[in-house]
Each structure stands twice: as structure tokens, then as C-alpha cells.
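Colleague: Questions regarding the structure given below will be posed in turn.
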Amino acid sequence: MELNLLPRNVVRRQELERRQPFFIIAAACFILALLGWSAYYARAAQVMRRSTQILQQKIDIMRVAETRLDKLKKQAASLDSVATPLITVINDRNFWPEILEDLNARLPEADIWITELAAISGGKLLGTGDKHAAERAVTPAPGSSPSPASRSKTKPETAGGPAIDGILVRGLYLVNPKQQEIVVDYFRNLLSSPFFNIEAKNPERVIKSNSVPNDTEWAFPYELRLDLRKPVKLP
């Protein structure tokens, strides 16, 4: 059995002295932890700054590219404004060949042919000269009476100016088993044409003349008025 006769304050001081290294180590660990976190955040801030600088350089490069693209877009828009009329003219050059090809492809196999084509603009024939001077005013469809204002117009006014809005087809057919019905067959064939706007229930709007065969003639005239789905701008 041991007896400690040291005063209480001495014992307390000795205990504190024994614990002092632990306090020092704990304080050192705390300081080291602070230093470690400080170094970590400093490193992270440095990496962030470098990343920001790299991104900023890329953004600057992209802004330069964006400026160039904007210039190219403006140039493309100006070229489009020049090219669009040229493309329209090129497309319009194919208008008559495509119309002729479609009209010929839809003719019945025999005993009928086309002798004349004329463009229509605002209900008036174009480019017929003096040959059909008395026929320039195209006969209106049954049941429709154009107003004086519409009769006074010689060309349809569209957003882009006057345009060809229809085709007048004249031709002949021979004596055949179907007689004048061969013209009606031609009308039915034209219903599926991508160029003409034709109402199947109103053939009288298209067939303007269809002569009845007789014993004195070898061929008989017919006349069709075909409205275009897409009017063609006049030059």
C-alpha cells in the first residue's frame, strides 16, 4: 500500500505536465489539418484559375469563329438574295418543256393531238398576236360572271407581279369509236397532273369547245382551259 503525501496542487500540476504532450500533439494536428485544408483549397483555386483561363481562351477562339460565322451568314444571305431570282428563272425555263411533256404523256393513245398552246394571265391570252385577236378574252366558266374590275385586268397581280395562271390547249381529234368522248378521256387523264388544278366534278370549266363529229369534216377541234396549280411569274 502506497501513500501519496504530495499536496493536491502538486499532484494536479504533475497530471497537467503528463497531459501536456497530448495537448501539444492535438494542437499540432489541428494546425496541420488547417494547413492541409488551406493547401488543398489553394491548389483547387489554382486549378480552377487555370481551367478558367483555358476555358476563356477557348471562348475567345469560339467568339472569333462566331464572328466569322456571322459574316459568312450575312454573305450567304446576300448570295441567296441574288441566287433566288436566278434559281426561279432556271426553274421557269423548264416550265414549257415540262408542261408539253405532261400534256403529251396524258393524251389518249390515238386519234387526238394538240395543235396549239397559249398562256393565260388574268383571263387573257398572251402572245397570240393578230391570229386570234378576236379570241383574246377567254370564255368564263358557266355560272360565273366576272366583275368589270376583273374584266379590265390583263394580268393577275400577285405578290411578285403578274404571272401566267393558266394554259389554253387547242387540238383536233379524228373520227373514232368514242367520237367526242375522247376529249373527255383526255380531261380525265389530266386530273392526276401535278401541274394543273382541275375539278373532276366540273368538266365544263375545262372543256370550252368540243365539236360534234359530222360527215363533212375529217378532224374536229377541241379546246381546254387548264388552270395552273402554281402560277409562273412573267418576265
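Colleague: Please state which one of Ile99, Ile61 is within 30 Å of Arg188 (Cα to Cα) and assigned to a helix (DSSP H, G or I).
Modeller: Checking each option against the conditions leaves just Ile99.
Colleague: At pLDDT 80 or above and either in contact with a Cys (Cβ under 9 Å, 6 or more places away or on another chain) or within 30 Å of Val232 (Cα to Cα) (or both): is that true of Ala76 in this structure?
Modeller: Working: at pLDDT 80 or above: yes; either in contact with a Cys (Cβ under 9 Å, 6 or more places away or on another chain) or within 30 Å of Val232 (Cα to Cα) (or both): yes.
Answer is yes for this residue.
Colleague: Of the residues Arg50, Arg8, Arg18, Arg106, which single one is surrounded by 10 or more Cβ atoms within 10 Å (Cβ to Cβ) and farther than 30 Å from Leu226 by Cα?
Modeller: Being surrounded by 10 or more Cβ atoms within 10 Å (Cβ to Cβ) and farther than 30 Å from Leu226 by Cα holds for just one of Arg50, Arg8, Arg18, Arg106, which is Arg50.
Colleague: Quickly run through segment 188-216 and pick out the residues that are charged (D, E, K, R) and outside any loop (DSSP other than H, G, I, E, B). Steps first, answer last, please.
Modeller: Keep residues of segment 188-216 that are charged (D, E, K, R), which gives 188, 199, 201, 204-205, 208, 215.
Within segment 188-216, Arg188, Glu204, Arg205, Lys208 qualify.
Colleague: Would you mind telling me which numbered condition in (1) farther than 30 Å from Leu228 by Cα; (2) surrounded by fewer than 10 Cβ atoms within 10 Å (Cβ to Cβ); (3) at pLDDT 80 or above Ser81 fails?
Modeller: The failed condition is (1).
Colleague: Same structure again: Is there a residue in segment 126-145 that is aliphatic (A, V, I, L, M) and at pLDDT 85 or above?
Modeller: No, because not a single residue in segment 126-145 is aliphatic (A, V, I, L, M) and at pLDDT 85 or above.
Colleague: Return yes when Ala118 is under 30 Å from Phe220 (Cα atoms) and surrounded by 15 or more Cβ atoms within 10 Å (Cβ to Cβ) and no when it is not. Working first, answer last.
Modeller: Details: under 30 Å from Phe220 (Cα atoms): yes; surrounded by 15 or more Cβ atoms within 10 Å (Cβ to Cβ): yes.
Yes; evaluated as a whole, the condition is true for this residue.
The values are calculated or read from the model by the stated rules, or taken from the named source; none is laboratory data. Keep in mind that this is a model prediction, so the values were computed, not measured. In this analysis, Cβ positions are derived from the backbone assuming ideal geometry, glycine residues included, and neighbour counts consider all displayed protein chains.
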